[in-house]
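Here is the structure we will look at.
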Amino acid sequence: MKLKREIFLFVALLLIFVLAACSDKGAATDGDKDSVDVDSADVNETDMPIVDDELDMTIFANKPAQNEDNDWNDILIWNHYRDLTNINADWNLVNPDALDEKRNLALGSGELPDAFFLAQLTNSDLLKYGDQGMFIPLNDLIDEYAPNLTALMDEDPSIRKAITFPDGNIYSMPALIEEDFLSLRLSARPWINEEWLDELDMDIPETTDEFYEYLKAVKDLDPVGDGKTVPYGGTDITELVQWLAGSFGVMNHGPSNTNMDADPEDPSKVRFYATTDEYKELLEYIHKLYDEGLIEQSIFSIEWGQFLANASDNLYGSMIFYDPIELFGDDIGSQYNSVAALEGPKGHKDYNKLSSSVWDNDNFVVTSENENPAAAVRWMDHFYSEEGAKLYYMGVEGETFEEEDGEIVYKDHILDPEGDMTFEQALAKELTWLGSINGIIKADYFQGGESAPQSMEAAEKIDPFVPDEIWPRFTFTAEENRILESTGADIDKYVEEMRDKLISGDADFSEWDDYVETIEKMGLDELLEVYQDAYDRYKES
């Protein structure tokens, strides 16, 4: 039951990361917006309840499949929060399959809810409808009524930078990862089969050359037998590329802004690293691994189910994935030890595969229909606090969790439900966080594999090699976004296609100059200008 529970949690979280990564970069106009009047005699500035007289607030919300069988209008967490705040959330719950259609219908018809909650609004949407006055600017409201979010932004200025658009306005309250919860920000991380290392009398690799020698030795040893051993396996090639990027000196501020990082010779300038010599050397190294059969040959098309089956059969000498013990059990998972950054051929040794602490921008958006936006902002702000995070992810003490020896754990009726009920089904009867991350995720209240001992130890090992600054996704003006959606999208698609061809051998590195020239002709200078302007604004905000 535990294995199934952990796989479910990992898949649910990965889906959210993918959806967040697919949000576009945003558009804006240059007109200034008037701040919303923050005065509200009906709102208590501190403590609970938020309002003395009960207030209804209609909220349009994405209801993920993991919550399919529950009704947020009558469920423990939201009933408890209603009683605490005196604000009754009237949830308009929308199935993910219908989300785009119904959200766009609400925006197009002008029949707005009081707020949108995790509705997958892109940065472009936020700017477009903010400029039209349908989404209200939250700057002053946050300053006055969101002390928890404000404190987090003061501690980590990149949060404010990430949610402030080119017109100077903030149109949404974000979903965040606790900055120190490095294990979750790492997502999948590298693991190596330490039992096979011992059998080969080798140490955990610390350089790219040592990693190559280990993979070769595993292939020759073939501990599984009949040539079934896979020296490196993964769910896609991107994980390997991003892990090794720091060994070759590229992607030096994280992966959020595709193919862009800071120019090492002038850090005030952005660099398109996918045409650099360093990036070419990275791909040449990975091609060598693939060409010699050291990487799973189906990695460009492998399904998750097949990968999990292979890992459960103990076929892999190394992988980039989540906690092996939590996923595969002690017998197989305990064979693996974590790997940090590898030193590359020119001395680079950074771990750049790390997300920003800003998970997504569009957690909570207040519309012009809301008659008490101050109350709405206070309602959301609670989930950036210690108590609010505990409530959202753990529920109510005595009802869904209890404290044992200083550790907060779900109660037995959730961890080990009766009959055929699964963990996730038991959880969804009382809580709604599965597939709908809200506020801030804190390690103390997150029960997924990223907070398991092996994963936390891996994060500690990686921490010394993490860059000082990880960029969030930048925001862009309307004209810049037009360029990103045309020239930018075409270039990114071409880069990814050629990356896979060069690694697999379907294209030859003798074509590199033609590859670079093609990108330049596609409009690279224009794309760089867009990112440079966005980066300049980011630094100045």
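Nothing in this text is a laboratory measurement; each read-out follows from the coordinates by a stated rule. Everything quoted here is computed from the prediction, not taken from an experiment. Reconstructed Cβ throughout: ideal geometry from the backbone, glycine too, with neighbour counts over all protein chains shown.
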Those helices of the chain passing the 15 Å axial Cα length cut-off and the mean Kyte-Doolittle cut-off of 0.5 (DSSP H runs only) are 2-21
Measuring from its Cα centre, the range 175-274 shows a charge dipole (+1 at each Lys and Arg Cβ, -1 at each Asp and Glu Cβ) which, in debye to the nearest 20, is 580
By the mean-Cβ-within-10 Å protection proxy, highest first, 57-64, 104-111 rank as 57-64, 104-111
Expressed in nanometres to one decimal, the distance between label points 7 Å along Cα→Cβ at Asp71 and Leu528 is 5.9
Expected sort for 349-359, 510-520 on mean C-beta neighbours within 10 Å, highest first, is 349-359, 510-520
Note: Lys102 to Glu407 extended length (0.36 nm per residue) minus current alpha-carbon separation gives 105.6 nm
The lysines whose Cα lies under 16 Å from the Cα of Lys128, excluding any fewer than 8 residues away in the same chain, are Lys25, Lys33
Descending packing, highest mean Cβ count within 10 Å first, for 88-97, 528-537 is 528-537, 88-97
antiparallel share of DSSP beta bridges within the chain, to nearest 5, in %, is 55
Residues of the range 333-365 with backbone N under 13 Å of the label point set 7 Å from the Cα of Leu221 along Cα→Cβ are 335-337
Ranking Gly254, Thr235, Ile519 by how far each Cα lies towards the positive end of the charge dipole of the chain (+1 on Lys and Arg Cβ, -1 on Asp and Glu Cβ), the top one is Ile519
With a Förster distance of 45 angstrom and the Cβ-Cβ distance between Asp203 and Arg482, calculated FRET efficiency to the nearest 0.05 equals 0.30
In terms of the alpha carbon gyration tensor, root eigenvalues a ≥ b ≥ c, rounded if a/c is under 1.5 and otherwise prolate when a/b exceeds b/c or oblate, the range 325-417 is oblate
Nearest-0.05 FRET efficiency for Glu54 and Lys521 at R0 = 45 Å, using Cβ-Cβ distance, is 0.10
For Lys461, the lysines lying under 24 Å Cα to Cα, once residues fewer than eight places off in the same chain are dropped, come out as Lys346, Lys349, Lys353, Lys442
Full extension between Ala489 and Leu415 adds, at 0.36 nm per residue less the Cα distance, a length in nm of 22.2 nm
Each label sits 7 Å from Cα toward the beta-carbon; between Ser334 and Asp277 the label points are separated, in nm, by 4.9
